[in-house]
Amino acid sequence: MQYKGTRLEVNLDALAHNYHYLKSKISGATKFMAVVKANAYGHGIVKVAQKLQDLGTDYFATAYTEEGVELRDNGIVTPILILHAQQHNLEICIDRCLEPVIYSMEILDAFIAFAKAKQQQSYPIHLEFNTGLNRIGIDPEDVQKVIRIVKSSPEVKVRGLQSHLAASEDLNEDDFTQQQITKFEKIATVLKEELSYDFLLHEANTSGILNYSNAHYTMVRSGIGLYGFGNDSKHDVHLKPISSLKSNISQIRSIEPGETVSYNRKFVAKDPTTYAVIPLGHGDGINRIYGYGNLNVFVNGKPAPTLGIICMDMFMVDITRIEAKVGDEVVIFDETVHTSRQMAEDAGTISYELLTGIQKRVQRVYIDTLSK
């Protein structure tokens with residue numbers, strides 16, 4: 001087998017499938033915002049965004065300004081929302097035509113000051129109100145204060161009103177979600193009465209798209225759904241995980257009973273053991289929680305459990321009962337049988353954490369047959 005090295009294979013055809021499926025759940029009049037923060041959930045922000053721009057997404061969202069700048073530097077002209085704009089980067093938002101989310105009175109005052117200094121007129125901003133997630137957001141009690149400031153500041157114009165659902169994937173929390181939706185609509189009603197122009201309303205995340213059609217409004221935001229997961233098995237069957245993490249065996253070793261493997265001698269062989277060394281470790285995003293047998297990778301189609309502690313640049317797996325040789329491919333997770341979600345859940349975490357933790361030194365290889 002040809003040695004290809006450690007790589008994350010990203011299937012852009014599957015990304016397109018997920019995009020079209022999620023779009024099918026909203027009306028043609030509702031805009032679609034693709035969330036590509038955290039390096040597009042670990043998949044490579046530039047290539048993913050370029051594909052989504054080609055597919056026709058209406059908006060992008062990143063967490064921080066630097067991510068938006070990277071998109072602009074790589075040919076993305078679609079509107080970009082900065083979900084957690086920081087005060088020291090607000091000026092850059094204006095310079096690079098990025099739309100900041102205003103989530104506090106301090107950020108509102110600071111951004112208006114920058115806009116005024118740069119002689120802006122009607123620069124687009126999105127207001128975020130806290131309706132129950134209790135992370136960031138303006139308090140609903142401050143809505144009139146916000147209105148007074150915005151109406152007296154010609155430098156800015158409200159382009160969108162947003163909030164964030166806290167538990168839209170958990171239908172046992174339906175009452176709470178409906179309360180959030182009601183709070184959001186009350187805020188929207190007040191803003192619409194006071195402002196003499198229209199603006200976008202967006203509150204639904206991936207689970208909101210799939211579970212709460214009454215919260216679609218004029219735009220929805222999707223992150224994890226684009227990458228193949230709907231937070232529920234009934235939705236997952238319609239989505240396709242877009243990535244596979246693969247590597248190759250770099251060395252095969254054998255030890256006798258009583259000998260140990262890896263740091264602190266946490267694995268002690270009870271029987272003669274043959275193991276493979278995989279050039280991937282917690283420096284790449286395979287965290288130490290996957291040690292001690294908490295991860296099975298696949299060598300020639302057969303499961304091989306981890307031995308001992310995950311090192312920074314490599315880990316070891318038991319191949320005593322597997323025929324293998326140096327250079328053979330190792331599948332850490334794939335798109336179908338053992339997905340990143342399954343791998344994460346087996347270790348007590350979530351796919352978000354696993355995918356976003358895959359570091360940039362792991363090369364990304366893109367599959368895009370539909371555009372050819």
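The values are calculated or read from the model by the stated rules, or taken from the named source; none is laboratory data. Fair warning: this is a prediction, and the values are worked out from it, not measured in the lab. Neighbour counts run over all protein chains shown; Cβ positions are idealised from the backbone, glycine included. Note: areas computed on protein heavy atoms with side chains; ligands, DNA, RNA excluded. Shrake-Rupley method; radii C 1.70, N 1.55, O 1.52, S 1.80 Å.
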Residue check for residue 249: touching a residue at least 60 places away in the same chain (Cβ under 8 Å) and closer than 28 Å to residue 139 by Cα: no
Inter-residue pairs, beta-carbon under 9 Å, first within 17 Å of residue 154 (Cβ to Cβ) and in region 121-133, second in a strand (DSSP E or B) and of a type in the set (Gly, Ala, Ser), 6+ apart: 124/160; 125/160; 127/160
Filter region 83-119 down to the residues that are in a loop (DSSP other than H, G, I, E, B) and within 29 Å of residue 180 (Cβ to Cβ) and list them by number. 83, 84, 85, 86, 98, 103, 104
In region 297-314, the residues that are touching a residue at least 12 places away in the same chain (Cβ under 8 Å) and open to solvent by 40 Å² or more (accessible area, probe 1.4 Å): 298, 300, 302, 305, 312, 313, 314
Here are 29, 14: which of them is farther than 20 Å from residue 159 by Cβ, hydrophobic (A, V, I, L, M, F, W, C), out of contact with any Phe, Trp or Tyr (no Cβ under 7 Å at 6 or more places or on another chain) and not in a strand (DSSP E or B)? 14
Quick one: is residue 284 acidic (Asp, Glu), modelled with pLDDT of 95 or more and surrounded by 20 or more Cβ atoms within 10 Å (Cβ to Cβ)? yes
Expected output for region 211-227 (first residue at pLDDT 95 or above, partner of a type in the set (Lys, Arg), Cβ below 8 Å, 6+ apart or cross-chain) is 213/25; 218/31; 219/31; 220/31; 223/37
Is it true that residue 294 is out of contact with any strand residue (DSSP E or B) (no Cβ under 8 Å at 6 or more places or on another chain) and either of a type in the set (S, T, N, Q) or buried (at least 16 other Cβ atoms within 10 Å of the Cβ) (or both)? no
Within region 64-85, take every residue that is open to solvent by 60 Å² or more (accessible area, probe 1.4 Å), touching a residue at least 12 places away in the same chain (Cβ under 8 Å) and not hydroxyl-bearing (Ser, Thr, Tyr) and give me the one that is farthest from residue 121 (Cα to Cα). 74
Six or more apart or on different chains, Cβ under 8 Å: which pairs go from a residue in region 345-372 that's closer than 13 Å to residue 44 by Cβ to one that's among the β-branched types (Val, Ile, Thr) and not in a helix (DSSP H, G or I)? Could you list them? 362/6; 363/6; 364/10; 365/10; 366/10; 367/10
Within region 312-322, can one find any residue that is part of a strand (DSSP E or B), in contact with a strand residue (DSSP E or B) (Cβ under 9 Å, 6 or more places away or on another chain) and under 30 Å from residue 169 (Cβ atoms)? no
Regarding region 120-141, can at least one residue be identified that is at pLDDT 95 or above and either assigned to a helix (DSSP H, G or I) or not assigned by the TED database to the domain that holds residue 48 (or both)? yes
